[in-house]
Amino acid sequence: MNTSRRRYLPAVLLVSALGLSGCTSTSTDAAADVDWAAATSVETGGGLDSLVSAAQAEGTLNVMGLYPDWANYGVLIEEFTATYGIEVDNDTSAGSSQDQVNAIKNRVGQSRSLDYLDTGVSFANSASAEGLLAEYRPATIADIDPSLTDAEGMWTNQYGGYVTIGCDAAAVAVCPTSFAQLDDPQYVGKVALTGNPAQGESGFNAVWAAAMAMGGSLDDIQPGIEFMAELSARGILIPVEANAGTLETGETPIIINWDYLNLAVADDTAAAGVDFQVVIPTDGTMASYYAASINADAPHPAAARLWIEFMYSDEGQNILLNGYTRPVRFDALIQSGAVDTAAADKLPKVVNGFELPSEAQRSSANLLLAEKWDAAVAS
């Protein structure tokens with residue numbers, strides 16, 4: 001993925017409801033007595049000043065796969081470090097949901113283990129079931145629909161988006177606007193996903209969106225697997241991990257990905273003269289959130305919790321919005337007048353309504369995809 005950074009330019013000066021920006025510690029001694037690894041909220045740890053002091057004493061936050069143009073993480077990291085002086089060690093050598101879960105399993109007790117995870121909900125649930133996550137609820141949790149949080153507080157959705165089809169208009173005679181249109185000889189060697197759907201949330205939801213287009217449902221992802229297998233057999237879907245670089249070289253002129261990631265690619269490649277057009281498919285509407293969680297074995301438990309508080313503050317949510325995502329507190333930002341209206345106006349308009357899948361539906365679809373994907377789609 002291209003690593004150029006999208007600047008955060010709010011329409012109005014935004015101050016977190018918690019007063020996070022510019023906070024300084026006044027309770028170092030109290031913070032030293034708090035076991036932040038056991039704190040389930042900022043209140044149970046003694047308050048924000050205590051949390052800031054403890055996090056600054058730790059000095060580092062370990063994360064994985066927070067690519068600068070993914071949901072505007074580059075700016076979120078910059079602003080977090082500028083505000084608190086905490087270094088963010090961002091391992092971008094890998095980053096899928098499964099990579100992150102594997103990392104905390106393989107690095108138990110190690111100082112280089114991850115503190116924070118950004119994964120698909122299914123991966124967060126499986127990690128929680130294995131006892132890998134810590135209970136923690138951000139202070140702004142009341143703004144978030146309970147259906148978008150874990151009942152036990154092990155994860156909270158932070159941002160979401162819609163599956164889209166992105167197309168280089170100069171490299172393709174007719175840009176497709178639906179999944180059905182992809183099954184055409186003119187697209188041989190041109191269509192790609194961003195990774196293995198059995199390993200990451202983006203590809204998983206792309207297959208599910210295709211299922212919706214091919215007569216499937218939230219209870220039936222099989223038609224999506226079959227459709228992708230057919231595209232692969234015909235040479236339309238290619239086994240390349242698509243990104244801005246493969247788009248610029250012409251290797252993947254059509255990319256199925258989240259709206260916020262395809263729109264970031266459009267921005268990143270515009271300077272190279274690429275006219276990358278992004279549409280929500282007319283026949284396969286699929287949306288999902290990503291879940292934020294904290295490693296139960298986090299080497300920097302206070303910094304992990306401060307990161308969560310920053311990300312769910314008005315400032316953090318608007319930074320995510322500037323990355324073309326739909327932040328989980330979007331409605332609350334609008335109602336309070338704190339939303340960055342210029343950023344909100346740039347979001348793709350959604351024509352068809354959509355119901356988010358239940359956890360039972362997600363789990364069932366994920367298990368079936370993991371079982372059948374590799375055999376159905378030859379790499």
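The values are calculated or read from the model by the stated rules, or taken from the named source; none is laboratory data. Computed from a predicted structure; not experimentally measured. Counting neighbours? That spans all protein chains shown, and the Cβs are built from the backbone with ideal geometry, glycine included. Areas reflect the complete protein model, heavy atoms only, side chains present, ligands, DNA and RNA absent. Shrake-Rupley method; radii C 1.70, N 1.55, O 1.52, S 1.80 Å.
In this view, the solvent-accessible surface of residue 326, computed with a 1.4 Å probe and all protein chains in place, comes to about 40 Å². Across region 146-223, Cα pairs under 8 Å and at least six residues apart give a relative contact order of 17 percent. Rounded to the nearest 20, the Cβ-based charge dipole of region 201-288 about its Cα centre (Lys and Arg +1, Asp and Glu -1) stands at 140 debye.
For the peptides 106-118, 204-216, the ranking by packing is 204-216, 106-118, with the highest mean count of neighbouring Cβ atoms within 10 Å listed first. Computed over region 232-379, relative contact order equals 23 percent, with contacts defined as Cα pairs under 8 Å that lie 6+ residues apart. Rounded to the nearest 10 degrees, the inclination of helix 222-233 to the longest alpha-carbon principal axis of the chain is 60 degrees.
Lys/Arg Cβ at +1, Asp/Glu Cβ at -1, dipole of the chain taken about the Cα centre: which of 222, 109, 156 is farthest positive-ward? The listed residue farthest towards the positive side: 222. Extending 7 Å from Cα along the Cβ direction at residue 341 and again at residue 355 yields two label points whose distance is 3.5 nm.
Using a/c under 1.5 as the rounded threshold, could you call the chain rounded, prolate or oblate? The axes a ≥ b ≥ c are square roots of the C-alpha gyration tensor eigenvalues, and prolate needs a/b larger than b/c, oblate otherwise. Prolate. Cα extents for region 58-190 along the principal axes, largest to smallest and rounded to whole angstrom: 54, 32, 32. Sorting the segments 145-153, 287-295 by their residues' average number of neighbouring beta-carbon atoms within 10 angstrom, most packed first, yields 287-295, 145-153. The charge dipole of region 120-233, taken about its Cα centre with unit charges on the Cβ of Lys, Arg, Asp and Glu (plus for the first two, minus for the last two), comes to roughly 300 debye.
Helix 359-376: angle to the longest alpha-carbon principal axis of the chain, degrees 0 to 90, nearest 10? Its long axis makes an angle of about 50 degrees. Reducing region 35-93 and region 293-325 to their Cα centroids gives an inter-centroid distance of 7 Å. Per residue, the chain exposes 38 Å² of solvent-accessible protein surface, assessed with a 1.4 angstrom probe and all protein chains in place.
For the chain, the share of DSSP beta bridges that are antiparallel, to the nearest 5, is 75%. Estimated at the nearest 10 Å², the accessible area of residue 190 is 50 Å² with a 1.4 Å probe. With all protein chains in place and a 1.4 Å probe, the accessible surface of region 207-316 carries 46 percent carbon and sulfur.
Placing +1 on each Lys and Arg Cβ and -1 on each Asp and Glu Cβ, with no other charges, gives the chain a dipole about its Cα centre of roughly 460 debye.
Contact order for the chain, expressed relative to its length and based on alpha carbon pairs under 8 Å spaced 6+ residues apart, stands at 26 percent.
Taking the longest Cα principal axis of the chain as reference, the axis of helix 201-213 is set at about 40 degrees.
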